[in-house]
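What follows is calculated from the coordinates using simple rules that are stated; it is not laboratory data. The structure presented is a predicted model; accordingly, all values stated were derived computationally and were not measured. Glycine gets a Cβ as well: all are built from the backbone with ideal geometry, and neighbour counts include every protein chain shown.
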Amino acid sequence: MAKILMIISAADTLALADGSVHPTGYWAEEVAASHKVLVEAGHQVDIATPAGARPTVDPISLDERGGVQPADGAVFRAYLDSITASLDAPLDLAAVRAADYDAFYLPGGHAPMADLADDPALGALLAEADQRGRVVAALCHGVAALLSATTATGTFLFAGRGLTGFTDEEERQGGLGDAVPWLVEDRLVERGAHFKAGAPWSDTVVVDGNLITGQNPQSSVTTAKEVLAALRND
């Protein structure tokens, strides 16, 4: 049995480009579907957030406003309810040790752009995890959290690595569009990542060594399964 740390944003708002505040949170499918795959494979999944705060689910990720069919939303809600104990009392991200886990999993929703993208504790954790060769996985807007990690010289830790995430086109088609403070794909490319975009809303996952990234909510299950494969091969 491997130990996996799912790191979820604690933000419930995002400051938009025009200075207004938009309610947000984690994306239900990305947490629920991923967690289910990992746990059903027999692994331990702990949850951590900044300061150990209870994370907030983005309400539109549970209904048709977010492109989620009612039946699917009900499934995601039921699963989240089943792990309420873990969500109510997450670990404090700053107190987590990289050596204690075999893999680190970062789901999205717009929330990681608000706190995880520049969280120094997360940056240090990811840097140590990568140095130890641990699996680092991120999904959709969760890849924004990778931006927290830098080298000793201040460059982006994952510069030169192949990865994917929520694309500019998807943001404009079904996200917040140009209202976002910055575009995830653009920022990662600016920092030196080799961003690989699949067709909008396609199940697309990129594996580059110990780094596993999924493009969007549709990639949740496949991303988690790639983590399982990496753990089997470790």
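What's the magnitude of the charge dipole for segment 45-101 around its Cα centre, counting Lys and Arg as +1 and Asp and Glu as -1 at the beta-carbon? Answer in Debye, nearest 20.
Numbers: 4 positive and 9 negative charges, 17 e Å.
The dipole magnitude comes to about 80 debye.
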Open item on the list: Placing +1 on the Cβ of each Lys and Arg and -1 on the Cβ of each Asp and Glu in the chain, which of PRO59, ALA11, THR213 has its Cα farthest towards the positive end of the resulting dipole?
Closed with: THR213
Task: CD proxy at 222 nm, helix term only [per DSSP H run n ≥ 4: -39500 (n - 2.57); per residue of the chain; nearest 500] - done: -9000 deg cm²/dmol
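Once a ≥ b ≥ c are taken as the square roots of the eigenvalues of the Cα gyration tensor of segment 33-176, is the result rounded (a/c under 1.5), prolate (a/b larger than b/c) or oblate (a/b not larger than b/c)?
Values: a/c = 1.87, a/b = 1.29, b/c = 1.45.
Since a/c reaches 1.5 but b/c is at least a/b, the shape of segment 33-176 is classed as oblate.
Let's see if you can work this out: charge +1 on each Lys and Arg Cβ, -1 on each Asp and Glu Cβ, no other charges. What is the dipole magnitude of the chain about its Cα centre, in debye to the nearest 20? Walk me through the numbers on the way to the answer.
Details: 15 positive and 32 negative charges, 123 e Å.
For this selection, approximately 600 debye.
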Task: Residues listed by number, segment 134-163, amide nitrogen under 19 Å from ASP234 label point at 7 Å toward C-beta - done: 134-139, 146
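Which FRET efficiency, nearest 0.05, do ARG97 and ALA51 yield, Cβ-Cβ r, R0 22 Å? Provide the component values of the computation, followed by the final result.
Numbers: r = 17 Å, r/R0 = 0.77.
According to the calculation, E is roughly 0.85.
By its C-alpha gyration tensor, with a ≥ b ≥ c as the square roots of the eigenvalues, how is segment 60-106 shaped: rounded for a/c under 1.5, else prolate for a/b larger than b/c, else oblate? Don't skip to the answer; put the middle values down first.
Working: a/c = 3.06, a/b = 2.34, b/c = 1.30.
Note, shape of segment 60-106 comes out prolate.
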TODO: Quote the charge dipole size of segment 62-137 about the Cα centre in Debye, to the nearest 20; the model charges only the Cβ of Lys and Arg (+1) and of Asp and Glu (-1).
DONE: 160
Open item on the list: At 7 Å along Cα-to-Cβ for each site, give me the label-to-label distance between HIS22 and LYS3 in nm.
Closed with: 3.7
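Dividing the convex hull volume of the Cα atoms of segment 142-197 by its residue count, what figure in Å³ per residue is obtained?
Working: hull volume 3.9 nm³, N = 56.
Taking only Cα atoms, segment 142-197 has a hull volume of 69 Å³ per residue.
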Open item on the list: Through the Karplus equation 6.51 cos²θ - 1.76 cosθ + 1.60, θ set to phi - 60°, convert the phi angles of segment 66-80 into ³J(HN,Hα) values in whole Hz; use x for Gly and Pro.
Closed with: x, x, 9, 5, x, 5, 5, x, 5, 5, 5, 4, 4, 5, 4
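Rounded, prolate or oblate for segment 1-90? Axes are the square roots of the Cα gyration tensor eigenvalues, ordered a ≥ b ≥ c, and the cut-off for rounded is a/c under 1.5.
Details: a/c = 2.41, a/b = 1.33, b/c = 1.82.
Oblate shape, in that a/c is at least 1.5 and b/c is the bigger or equal ratio.
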